[in-house]
Each structure stands twice: as C-alpha cells, then as structure tokens.
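Notes follow once the structure below has been shown.
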Amino acid sequence: MGTKRPLALVSGANRGIGLAITTGLARKGVHVLLGCRNFDQGEEAAVALRPEGLQVWPVQLDTTDDASVAALAARITRDFGHLDILINNAGIGLDYDPSLSVVQRMERTLAVNVVGTVRLIEAMVPLLEKSDRARIVNVSSVLGSFGLRADPSWAFADTKMPTYQASKAALNSLTLSYADRLAEKGIKVNAICPGYTATAATNYAGSRTPEQAAVVAITFALIDGAGPTGSFADDSGNLPW
Ligand SMILES: NC(=O)c1ccc[n+]([C@@H]2O[C@H](COP(=O)([O-])OP(=O)(O)OC[C@H]3O[C@@H](n4cnc5c(N)ncnc54)[C@H](OP(=O)(O)O)[C@@H]3O)[C@@H](O)[C@H]2O)c1
C-alpha cells in the first residue's frame with residue numbers, strides 16, 4: 001500500500017463533510033485513508049469513488065477506542081512509515097437528544113469531539129513527524145467561538161447547543177496548544193469551520209453542501225510552508241476564538 005502521493009487520514013469520512021473532504025483531497029492527487037467506524041460503510045463510500053480512479057482506501061477507525069486507533073497507527077507505520085495530513089473531522093452533537101441527560105450529552109460529546117481528537121493526534125504525531133510537510137486540520141465550528149457568541153446580533157446568537165459548543169471551544173483551545181507544541185517539528189495545526197451544512201448531523205437543514213463545506217478544510221490541509229499555524233478560519237477568513 002506504499003505511495004509517493006501525499007498521504008492523508010480523515011476521521012468520520014464515510015459520509016457528510018468528511019466524505020467530501022476525502023473526495024476533494026483525492027481529486028487533488030492525495031492518497032486518502034477514509035476513516036470509518038463501520039468498515040462496510042467506508043468501503044461502500046470508497047467503492048463509489050473508484051470509477052474516478054481516486055486513491056481512497058477505507059480504514060476502520062473509532063476515535064473513542066484505544067485499540068482501533070492503535071491498530072490504525074500500527075498499520076500506517078507498517079504500510080507507509082509516515083503521514084502528511086490528519087483531518088480531525090469525526091464529531092457529534094447530542095444537545096437535541098431528549099433520551100439523554102445533560103451530563104450524558106456532555107460526556108459522550110467530549111468523548112468524541114475532544115478526547116477522541118486528542119487520542120488520534122497523539123497516535124499520529126510520530127507518523128506526522130516523519131513528514132516534511134505535515135498538517136493537522138481540526139474541524140471545529142463557529143458555535144464554539146466565544147468572540148462570536150458575545151455579539152447579540154450574530155446570526156447564530158440564539159443557537160443553544162451547550163455541550164456541542166463547549167466541545168468545539170475545547171477543540172479550539174487544543175488547536176492552539178498543539179500548534180505551539182508541534183511548531184518546532186514543522187507540523188501546522190489549524191481549526192476550521194465548514195459552515196452550516198446539509199448533513200445527517202443537521203437533519204439536512206444546513207444551507208451549504210458538503211462539497212462547499214469541504215473547501216476550507218482542503219485548503220488548510222494543503223497550505224504551504226508559509227501558511228499559518230494556530231489559526232481558526234472559515235471560507236471568509238480568520239474567525240474570532
Ligand atoms: N454539518 C454542519 O453544519 C457542521 C457545522 C460546523 C461543524 N461541523 C462539524 O463537521 C464535522 C462533520 O460533521 P457532519 O455534518 O459531516 O456530520 P455527520 O454526517 O453526522 O458525520 C459525522 C461523522 O463522524 C463519524 N463519527 C462519529 N463518532 C465517531 C467516532 N467515535 N469515531 C470515528 N468517527 C465517528 C460518523 O461516523 P458514523 O457514520 O459511523 O456515525 C460520521 O462519519 C463534525 O466535527 C461537525 O461537528 C458540522
């Protein structure tokens with residue numbers, strides 16, 4: 001499975017924005033490992049891209065599972081020996097689930113959006129260190145921005161998703177911490193917001209397509225050496241933390 005193309009891993013890539021990021025990166029010549037909890041669903045998504053000749057390969061990945069993450073790191077080490085791009089896209093929002101208490105929503109959301117991201121980054125850093133152009137992109141949300149939430153005239157000022165918002169604020173904080181920690185290794189770490197997008201997560205209510213949402217993540221995955229690290233941005237430019 002060795003490759004001379006840039007090698008990317010996208011978490012939560014079997015559907016929605018993650019699949020669109022995977023497809024867009026592959027169309028730019030990147031060899032993409034399509035992370036999926038359910039391998040069959042990942043394989044189904046990857047097979048649909050094969051007629052285009054895209055280099056997209058499903059890999060089992062549950063970011064809440066130590067064994068799943070460790071097995072994937074071992075496999076990438078064996079097959080490639082490095083990783084160039086890590087897209088932390090896997091994410092959930094449970095604020096509107098009436099079957100869960102607030103504490104359950106918080107615990108489960110943090111487990112995926114925050115602890116799962118940390119688990120995956122920690123496992124992949126040794127592989128990213130082997131790349132001379134490593135990039136990490138954290139798929140965050142404007143809903144986690146303190147600066148925007150402080151503005152009562154902001155378009156999403158009335159959105160009340162406390163556990164999701166806290167999780168994305170934590171992800172933003174981790175973006176700054178990892179950007180600082182990994183700077184001397186040349187690994188750039190940025191957070192992006194894909195915008196309000198029609199996916200299963202929004203009951204397809206968002207105004208953007210997954211393809212539109214993927215553009216900013218792809219841009220930050222492919223930034224050159226002069227590009228930023230420790231930034232938070234969407235299609236329009238930098239966002240307030
Ligand atoms: N849609 C929006 O408007 C919007 C706006 C801002 C930010 N975002 C962010 O964009 C990202 C993608 O969201 P989406 O709208 O594309 O949602 P989605 O369609 O619900 O996709 C979420 C993906 O994450 C995966 N996932 C969930 N838990 C996981 C775990 N423990 N390990 C690995 N993968 C896991 C899901 O896998 P399964 O299929 O197995 O469940 C799925 O592939 C999320 O981080 C979300 O917070 C979305």
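Computed from the coordinates by the stated procedures, all read-outs in this text should not be read as laboratory data. Small disclaimer: the values here were computed from a predicted structure and weren't measured. Note that each Cβ is placed from the backbone with ideal geometry, even for glycine, and that neighbours are counted across all protein chains shown.
May I ask which residue of Gly116, Ser131, Ala71 lies farthest towards the positive end of the charge dipole of the stretch 42-176, with charges of +1 (Lys, Arg) and -1 (Asp, Glu) on Cβ and the Cα centre as origin? Comparing the listed Cα positions along the dipole, Ser131 ranks first. Considering only alpha-carbon pairs that sit under 8 angstrom and 6 or more positions apart, the relative contact order computed for the stretch 7-238 is 20 percent.
For the stretch 102-209, which GluC sites (Glu not before Pro) pass both filters: DSSP loop (anything but H, G, I, E, B) and at most 16 other C-beta atoms within 10 Å?
Numbers: sites: Glu107, Glu122, Glu129, Glu184; in loops: Glu129.
Answer in residue order: Glu129.
Mind giving me the FRET efficiency for Ser101 and Thr209? R0 is 30 Å, r the Cβ-Cβ distance, nearest 0.05 is fine. Display every interim value, and only then the final one.
Values: r = 34 Å, r/R0 = 1.14.
Between Ser101 and Thr209 the formula returns 0.30.
From least to most packed, judged by other beta carbons within 10 angstrom and beginning with the fewest, Leu239, Leu128, Leu86 follow the order Leu239, Leu128, Leu86.
Largest GNM mean-square fluctuation among Phe39, Phe220, Phe156, using the chain with Cα springs under 10 Å: Phe156. Once the Cα atoms are used to define both axes, helix 117-128 deviates from the longest principal axis of the chain by about 30 degrees. Taking other Cβ atoms within 10 Å as a rough exposure proxy, Thr117, Thr64 sort from fewest to most as Thr64, Thr117. The mean sequence distance of close C-alpha pairs (under 8 Å, at least 6 residues apart), as a share of the length of the stretch 106-241, puts its relative contact order at 29 percent. Between Arg75 and Ile223, what's the calculated FRET efficiency when r is the beta-carbon distance and R0 is 30 Å? Round to 0.05. With R0 = 30 Å, the Cβ-Cβ based efficiency is 0.65. About its Cα centre, the chain has a charge dipole of approximately 320 debye under the convention of +1 per Lys or Arg Cβ and -1 per Asp or Glu Cβ, with nothing else charged.
What dipole magnitude, in Debye to the nearest 20, does the stretch 1-102 give about its Cα centre under +1 on Lys/Arg Cβ and -1 on Asp/Glu Cβ? It would help to have the intermediate numbers written out before the result.
Details: 9 positive and 11 negative charges, 116 e Å.
Dipole magnitude for the stretch 1-102 comes out near 560 debye.
Loop-resident chymotrypsin sites (Phe, Trp or Tyr not before Pro) (DSSP state other than H, G, I, E or B) in the stretch 158-208 with no more than 13 further Cβ atoms inside 10 Å of their Cβ: Tyr204. Computed per residue of the chain from DSSP H runs no shorter than four, each worth -39500 (n - 2.57), the mean residue ellipticity at 222 nm is -12000 deg cm²/dmol. Within the shell defined by Cβ-Cβ distances under 13 Å, the residues around Val142 carry a net charge of 0, with Lys and Arg each +1 and Asp and Glu each -1.
Counting only residues at least eight positions apart within a chain, or on another chain, the lysines with an alpha carbon under 30 Å from that of Lys168 are Lys28, Lys130, Lys160, Lys185, Lys188. Of the trypsin sites (Lys or Arg not before Pro) found in the stretch 1-82, the ones in coil according to DSSP and having at most 15 other Cβ atoms within 10 Å of their Cβ are Lys4, Lys28.
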